[in-house]
Amino acid sequence: MTFDIRFWGVRGSIAAPGPDTQLVGGNTSSVEVVCGQRRILLDAGTGLRRLGDELLKSGPVDVTLLLSHHHWDHIQGLPFFVPLYLPTTRLHVVGPAAERCTMHDVLEHQMTSPVFPVRLDQVPCQLTTQEVSPGARFDLGDVHVRVAKLNHPGGSLAYRIDYQGKSVVYATDTEHYSCVDPMLCSLAEGADVLIYDSQYTPAEYRGEIGPSKVGWGHSTYEDGAALAQAAGVGRYVLFHHDPKRSDDQVLELETRARGLFRASVAAREGMHIALGSVGEAAA
Ligand SMILES: [Zn+2]
Ligand SMILES: [Zn+2]
């Protein structure tokens with residue numbers, strides 16, 4: 001049984017390449033989940049570009065893309081996803097509607113002159129879109145997906161993917177409550193892996209360092225660890241690192257998170273978590 005999770009972009013807000021981010025990586029949100037024959041991509045941040053190039057090495061691309069929301073750092077990789085420009089590609093995009101337009105409209109807007117030279121309606125791939133709302137459940141073959149609401153300006157969706165008794169929850173761009181978010185705790189209950197927005201330190205969040213981040217729609221490793229504990233997950237992955245956070249600082253937050261929830265790891269580009277029945281391992 002194959003259940004593989006690979007990280008292609010782990011940064012929040014804006015891509016942050018440079019000498020201080022080489023270990024963790026500078027690309028924005030892009031995660032690949034392979035369940036048996038089914039390939040699911042989580043968000044379309046700048047990490048999607050390299051992922052697309054890699055997919056093309058194995059022939060025609062047939063993927064489902066689950067979008068959390070429409071902020072730039074989660075959709076900007078799509079115009080640079082080379083499989084988009086091939087008629088053999090099947091791309092099914094699932095995500096929320098925007099406040100004043102459809103999800104398809106949002107994707108079209110970022111591929112419009114003068115900001116991009118190719119229009120979305122000109123791409124030759126077999127593109128389909130499906131809007132979902134919090135509480136939705138749907139199947140992709142024998143993979144089961146559940147959707148929940150997150151707390152973020154303009155809205156954001158969390159996804160839980162279940163396949164053959166294993167599960168991953170992707171919950172980024174969300175702000176914690178003063179207690180553990182009961183809806184998210186229910187979604188993540190017993191999951192093997194929880195990928196969670198851990199952009200700020202508690203001091204940054206409270207405004208002890210820089211302006212207060214209350215209401216900005218992001219969370220901390222402290223609240224991620226509390227959620228992981230309450231939901232009884234197998235592993236907590238700190239995700240959506242602040243663009244200003246250096247490699248050393250991310251590793252420091254990973255250490256602090258481990259002090260609160262032992263099975264914590266900071267997401268890095270290239271990290272692979274295998275949940276398959278043959279030799280579960282993380283690298
Ligand atoms: Zn984001
Ligand atoms: Zn966002």
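Taking only the stretch 40-76 into account, find how many residues are part of a loop (DSSP other than H, G, I, E, B), of a type outside the set (A, V, I, L, M, F, W, C) and in contact with a His (Cβ under 8 Å, 6 or more places away or on another chain).
Residues meeting the conditions: 4.
Restricting to the stretch 107-125, what's the tally of residues that are of a type in the set (A, V, I, L, M) and assigned to a loop (DSSP other than H, G, I, E, B)?
4
Which one of the conditions (1) within 25 Å of Gly165 (Cβ to Cβ); (2) crowded, with 16+ Cβ neighbours inside 10 Å; (3) out of contact with any strand residue (DSSP E or B) (no Cβ under 6 Å at 6 or more places or on another chain) does Arg245 fail to meet, given that it meets all the rest?
The single condition Arg245 does not satisfy is (1).
Which of (1) part of a loop (DSSP other than H, G, I, E, B); (2) more than 28 Å from His272 (Cα to Cα) does His104 not meet, given it meets every other one?
Condition not satisfied by His104: (1).
Condition (residue is away from ligand 1 (no atom under 16 Å from the Cβ), assigned to a helix (DSSP H, G or I) and either crowded, with 16+ Cβ neighbours inside 10 Å or at pLDDT 95 or above (or both)) applied to the stretch 85-97: is it met by at least one residue?
yes
Scan the strands (runs of 3 or more DSSP E) fully inside the stretch 145-263 and keep the ones with 3 or more residues being within 27 Å of Asp20 (Cβ to Cβ).
193-197, 235-239
To keep it simple, each residue is scored yes or no on (1) crowded, with 23+ Cβ neighbours inside 10 Å; (2) away from ligand 2 (no atom under 16 Å from the Cβ).
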site	(1), (2)
Val147	no, yes
Leu150	yes, no
Tyr159	yes, no
Tyr163	yes, yes
Glu189	no, yes
Asp192	no, yes
Ile195	yes, no
Ala203	no, yes
Gly210	no, yes
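Those residues that are outside any strand (DSSP E or B) and surrounded by fewer than 17 Cβ atoms within 10 Å (Cβ to Cβ), I need them from the stretch 126-144; list them, please.
If the condition is that a residue be outside any strand (DSSP E or B) and surrounded by fewer than 17 Cβ atoms within 10 Å (Cβ to Cβ), then Ser133, Pro134, Gly135, Ala136, Gly141, Asp142 are the ones that fit.
Considering (1) in contact with a strand residue (DSSP E or B) (Cβ under 6 Å, 6 or more places away or on another chain); (2) assigned to a loop (DSSP other than H, G, I, E, B), say which one Leu23 fails and leave the rest.
The failed condition is (1).
Here is a list: Leu157, Leu184. Which entry is free of Cβ contacts under 8 Å to residues at least 60 places away in the same chain and not charged (D, E, K, R)?
Leu184
Determine the pairs where a residue that is near ligand 2 (Cβ under 8 Å from one of its atoms), located within the stretch 64-76, has a partner that is of a type in the set (Phe, Trp, Tyr) with Cβ atoms under 8 Å apart, the partner being 6 or more residues away or on another chain.
Ser68/Tyr159; Ser68/Tyr170
Taking the stretch 37-54 as the search range and keeping residues that are more than 16 Å from ligand 2 (Cβ to nearest atom), more than 22 Å from Val118 (Cα to Cα) and of a type outside the set (D, E, K, R), which one is modelled with the lowest pLDDT?
Gln37
So Lys57 clears everything in (1) touching a residue at least 60 places away in the same chain (Cβ under 8 Å); (2) on the phi < 0 side of the Ramachandran plot except one condition, right? Which one?
Against the list (1) touching a residue at least 60 places away in the same chain (Cβ under 8 Å); (2) on the phi < 0 side of the Ramachandran plot, Lys57 comes up short only on (1).
Here is a list of conditions, (1) over 18 Å from Val237 (Cβ atoms); (2) part of a strand (DSSP E or B), and Asp4 meets all of them except one; can you say which number that is?
Against the list (1) over 18 Å from Val237 (Cβ atoms); (2) part of a strand (DSSP E or B), Asp4 comes up short only on (1).
For the stretch 3-56, which positions are of a type in the set (Phe, Trp, Tyr) and under 16 Å from the mean Cα position of the chain (by Cα)?
Phe7, Trp8
The values are calculated or read from the model by the stated rules, or taken from the named source; none is laboratory data. Everything numeric in this text was worked out from a predicted model, so none of it was measured. Note that we place each Cβ from the backbone using ideal geometry, even for glycine, and neighbour counts take in every protein chain shown.
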